[in-house]
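Below is one structure, written out as structure tokens, with a few remarks after it.
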Amino acid sequence: MRTFIFIFPALMAFIQAPGNHADDTAKAGRQHSVIEEADGSLNIAVGKDFFSFDENDSSVTVRLGSRGIKILESLEGKKVEFEKYDTESECEEESGAHFRDDDDRSWLLKARRFRGHLAGFEAGLNNYIHEGSMVLPGPIDYMSPETSNSWSFNLNFSQLNIGFGRYSGLVTGMGLNWNNYRFRNHTTIEVGEEGTITGKLPASSVPVRRSKFSTLYLNVPLLFEIQIPAGYNGRLNLAAGVTGGLKLNAWTKIVYKNGEKSRVNGDYNLNLLRGGFTGRVGYRNFMIYGTYYPTPWFQKNRGPEGMNLEPFEIGLAFSFND
């Protein structure tokens, strides 16, 4: 350990010199890693780069990427040697980050390069169905939305790739999902005396310009994605999977024709969790996506007049990762 403390300042000065791989290593740190430990040695393969620390009775070797420092201990004292590894195979050989055979090594490198198309921005239209129909029964007609004005917005701010190969793998992450359902009849909703959602006419005598019901969820999707090479340096992307949502907020909003606004936050008998199916298809970083939530949206027997609705959305997605 004393030897490692001695060489650490020299290593930091060395890797900050021009022509090193510090920037590449920072980028590679976001990729999958292979770590091997043994007596007196530590080997880490990160992306295409390697970090190695190896100590024995006569020397200490520390390497980052294709450059390294070797400290030789002898009766004459310590001797420092700077080393450069010209090829990736030499780095692997020195670091001990071996693969069982060439096929395993090739597969791992390809899997590391897989990048899904989840993180990004999505915009689409909302609606919901009741017993397989978008036409709602008379008792809950007040819930009928204007589909052309009922927008959803999703911001997927994180992504994790699990590659099975260069062009296939699992992709997951986290995102925020805003759903706005603009009511067709300019009514609003509330929790009635019997504990179910009911329609409500705005109390103001001023005519209503628009009214809507909005929700905010934290989403965690899991998709299997296949990328098909097509055209010049482009790929078709096909993905399908499941998504889960955690309710963060819900509210109604009324805008009157005189400019006044009324917003009411509430629980609205929504379940805390929901789950659904999602899929997308596109070229490079532009896609069409769709999501359907068959799980109960409202708590049992506490939805609109005791009925349940199943939301869905469809729209366009732009990925940050192509």
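Bear in mind these aren't lab numbers, they're just calculated from the coordinates by the rules spelled out. Keep in mind the model is a prediction, meaning the values are calculated, not measured. Using ideal geometry, Cβ is built from the backbone for each residue, glycine included, and neighbour counts are taken over all protein chains shown.
You can think of it this way: the chain between ARG284 and VAL220 has 20.8 nm of extra reach, that is 0.36 nm per residue less the Cα-Cα gap. Report note on the peptides 247-253, 179-185: ranked by the mean count of other C-beta atoms within 10 Å, highest first, their order is 179-185, 247-253. Annotation: amide H of TRP297 within the under-5 Å range of LEU309, sequence separation 5 or more or interchain, hydrogens built in the peptide plane.
So how do 258-271, 141-154 stack up, highest first, on mean other-Cβ count within 10 Å?
Numbers: 258-271: 13.4, 141-154: 18.0.
So the peptides 258-271, 141-154, ranked by packing, come out 141-154, 258-271.
With a cut-off of 8 Å between alpha carbons and a minimum separation of six or more residues, what is the relative contact order of the range 163-322 in percent?
Details: 372 pairs, mean separation 32.0, N = 160.
Relative contact order here is 20 percent.
Highest mean packing comes first when the peptides 186-194, 117-125, 208-216 are listed by Cβ atoms within 10 Å, giving 117-125, 208-216, 186-194.
3J(HN,Hα) couplings calculated from phi for the range 120-126 with the Karplus curve 6.51 cos²θ - 1.76 cosθ + 1.60 (θ = phi - 60°) are, in sequence order, x, 10, 10, 9, x, 10, 9 Hz; Gly and Pro show x. Applied to the range 291-304, the Karplus parametrisation 6.51 cos²θ - 1.76 cosθ + 1.60 on θ = phi - 60° returns per-residue 3J(HN,Hα) values of 9, 10, 10, x, 6, x, 6, 9, 5, 4, 6, 10, x, x Hz, with x for Gly and Pro.
Place a +1 charge on the Cβ of each Lys and Arg in the range 188-300 and a -1 charge on the Cβ of each Asp and Glu, then give the dipole magnitude about the Cα centre in debye, rounded to the nearest 20. Walk me through the numbers on the way to the answer.
Details: 14 positive and 6 negative charges, 89 e Å.
Its charge dipole is roughly 420 debye.
Overall, the anisotropy analysis places the range 254-322 in the oblate class: the square-rooted eigenvalues a ≥ b ≥ c of its C-alpha gyration tensor yield a/c not less than 1.5, with a/b not exceeding b/c.
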